[in-house]
Amino acid sequence: MMGGRPLLLLLVSALLLLYESFDEDFEGRWVVSKKDEYQGVWKRAKSDGHEDYGLLVSEKARKYAIIKELDEPVTLKDGTVVLQFEVRLQNGLECGGAYIKYIRPQEAGWDAKEFDNETPYTIMFGPDKCGSTNKVHFILKHKNPKTGKYVEHHLKFPPSVPYDKLSHVYTAILKPDNEVRILIDGEEKKKANFLSADDFEPALIPPKTIPDPDDKKPEDWDERAKIPDPNAVKPDDWDEDAPMEIEDVEATKPEGWLDDEPEEIDDPEASKPEDWDDEEDGEWEAPKIDNPKCEEAPGCGEWKRPMKQNPAYKGKWHAPLIDNPNYKGIWKPQEIPNPEYFELDKPDFDPIAAIGIEIWTMQDGILFDNILIADDEKVATSILEKTWKPKYEVEKEKEKAEEAAAAADGLSEFQKKVFDILYKIADVPFLAPYKTKIIDVIEKGEKQPNITIGILVSVVVVFATVLFRILFGGKKPAAPVKPAVEAKKPKAAETEGAGSSGDKVEKEEDEKEETAAPRRRSRRET
């Protein structure tokens, strides 16, 4: 039971019900599932930067299953029980689990070599993260004494998984007064009561009554609190066809309006690319820009009277609502005694006969270590202080040093993520006319990290301004003319380095683009 226990734990070994440090090889003490779907390879490996060993998830995108039987089952009914283990997500965790299952005795019907997700457990505890899921699970499977069925009860509002690549310790303390406490790195993150409906979903104790499944709503049951007045009549002067807006006949054209000036003109600085082929590319026309004469004038082009709200508009007529004389309220089936109801002073936990790790994960590098079951909180805390804390402090110092080095180089991890997002914004199609200027601003920010926030605000303002114009009728920005090197690549450039697979792929993609999307011959390129 005490496989791989270091010497520093000998003084507390009498109070440990299970301890696994992986200081010795796990083979022979742990059983890897022989099920076909569990192809993930478990390895005993050192934690990155330490001499301490753990149980490693060594491959990406695999299912893993491994189990260790206890010498004697651990009862959870009489006193305090502490479940604790250490996990390090050395490559992060984008989608996968890193939890432990505490398995019921074999009378429940399971075989170690056939360990899988159907193997019956009493408690499932630990990190799980994928998509919108980000939680430290605590799930209790409890037997209903009336039906004999096991029901999963999930802890409500569990703590989230730490977002880093450091070692962390997860602790669940089960108390004889029905209290359960969840700790991360020795700090309490959640306290709950097993018998509280506010803490577990569904509640361990079922409701005394339930809606009668055989009760049906009468056909003449009227749930409408209000109804249209059947005696109401549309007024004679109510015009349902009157428009919502009408032309403002009192409006006059502003002085200085330029009737003969278009809103957009050809860009006088644009020139036809040297390699432009009229037969292949169509007749070249300069891109459009805003007419500078219109910027100082009140407006350009044909003037039209603005619209205003129609005072005669009333819309569709509807009869006013009155109280429904036949209203009976919202129908609900009558309540009947719940045949599955039972009373409970404390949970009827099944014993723990084994511990198992059965997970699916897209990440490798997950390292389990220092798994223990104890009947004394102080013992668990002592092991945490002696085994986890020194490693964590080393990892934290290394993390600070790396952040300082990154800052010295110009960019922190946060800033790198910010600039990655800004570059993606610059690639948004409708920002094409501004792309060059936006990239210039971003590159300036990369050289001067202290103005990162200012750069971010500037780009977001540009993005929001252009989007506002497009959505609410502003002038649509004209797309710039593609540079000559993009419009038509020289043959020499196409053949140079043809032996490179990367060049070959790029060339094939260019050919596909030319075939799938030929150059538009409209007046404005998009």
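Residues are listed down the side, and each one gets a yes or a no for (1) over 25 Å from PRO433 (Cβ atoms); (2) without any contact (Cβ under 8 Å) to a residue 60 or more places away in the chain; (3) in a helix (DSSP H, G or I); (4) among the basic types (Lys, Arg):
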residue	(1), (2), (3), (4)
GLU219	yes, yes, no, no
ALA232	yes, no, no, no
GLU261	no, yes, no, no
ILE289	no, no, no, no
Among the residues of the range 233-247, are any open to solvent by 80 Å² or more (accessible area, probe 1.4 Å) and closer than 30 Å to ALA297 by Cα? yes
Got at least one residue in the range 299-307 being over 30 Å from PHE342 (Cβ atoms), open to solvent by less than 100 Å² (accessible area, probe 1.4 Å), assigned to a loop (DSSP other than H, G, I, E, B) and acidic (Asp, Glu)? no
Residues that are surrounded by fewer than 18 Cβ atoms within 10 Å (Cβ to Cβ) and touching a Ser or Thr at 6+ places or on another chain (Cβ under 8 Å): does the range 160-173 have at least one? no
All but one of (1) more than 17 Å from GLU358 (Cβ to Cβ); (2) without any contact (Cβ under 8 Å) to a residue 60 or more places away in the chain; (3) charged (D, E, K, R); (4) in a strand (DSSP E or B) hold for ASP128; state the number of the condition that does not hold. (1)
Filtering the range 198-213 down to residues that are open to solvent by less than 60 Å² (accessible area, probe 1.4 Å) and closer than 30 Å to PRO158 by Cβ yields ASP199, PHE200, PRO202, ALA203, LEU204, ILE205, PRO206, ILE210
Verdict on GLY315 being on the phi > 0 side of the Ramachandran plot, under 47 Å from the mean Cα position of the chain (by Cα) and of a type in the set (Gly, Ala, Ser): yes
Residues that are among the aliphatic types (A, V, I, L, M), over 28 Å from the mean Cα position of the chain (by Cα) and surrounded by fewer than 20 Cβ atoms within 10 Å (Cβ to Cβ), drawn from the range 38-73: ALA45, LEU70
Strands (runs of 3 or more DSSP E) (entirely within the range 136-210) containing at least 1 residues that are among the basic types (Lys, Arg) and in contact (Cβ under 8 Å) with a residue 40 or more places away in the chain: 187-193
Where the second residue is of a type in the set (Val, Ile, Thr) and the first is free of Cβ contacts under 8 Å to residues at least 12 places away in the same chain and lies in the range 94-113, which pairs have Cβ atoms under 8 Å and are six or more apart or on separate chains? TRP110/ILE103; TRP110/THR119
Qualifying position, being at pLDDT below 95 and open to solvent by 20 Å² or more (accessible area, probe 1.4 Å), among GLY131, GLY92: GLY131
Could you give me the residue pairs with C-beta distances under 7 Å whose first residue belongs to the range 321-340 and is on the phi > 0 side of the Ramachandran plot and in a loop (DSSP other than H, G, I, E, B), whose second residue is of a type in the set (Lys, Arg) and open to solvent by 100 Å² or more (accessible area, probe 1.4 Å) wherever it lies, and which are 6+ apart or on separate chains? none
Evaluate the range 326-347: report whether one residue or more is basic (Lys, Arg) and within 30 Å of PRO228 (Cβ to Cβ). yes
What number of residues within the range 69-110 are within 14 Å of PRO120 (Cα to Cα) and not polar (S, T, N, Q)? 11
Determine, yes or no, whether LYS216 is out of contact with any strand residue (DSSP E or B) (no Cβ under 7 Å at 6 or more places or on another chain), among the basic types (Lys, Arg), closer than 18 Å to LYS328 by Cα and open to solvent by 70 Å² or more (accessible area, probe 1.4 Å). yes
With ASP267, ASP275, ASP229 as the choices, which residue is modelled with pLDDT under 95 and either open to solvent by 100 Å² or more (accessible area, probe 1.4 Å) or over 47 Å from the mean Cα position of the chain (by Cα) (or both)? ASP275
Inter-residue pairs, beta-carbon under 6 Å, first under 13 Å from ILE357 (Cα atoms) and touching a residue at least 24 places away in the same chain (Cβ under 8 Å) and in the range 36-47, second in a loop (DSSP other than H, G, I, E, B) and not small (Gly, Ala, Ser), 6+ apart: GLY40/GLU59
Quick check on ALA14: is it modelled with pLDDT under 95, in contact with a Ser or Thr (Cβ under 9 Å, 6 or more places away or on another chain) and over 18 Å from ILE357 (Cβ atoms)? no
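The values are calculated or read from the model by the stated rules, or taken from the named source; none is laboratory data. What you see is a predicted model, and the numbers here were worked out from it, not measured in a lab. All Cβ positions, glycine included, derive from the backbone under ideal geometry; neighbour counts span all protein chains shown. Protein only, heavy atoms only, side chains kept; ligands, DNA and RNA dropped before computing areas. Shrake-Rupley method; radii C 1.70, N 1.55, O 1.52, S 1.80 Å.
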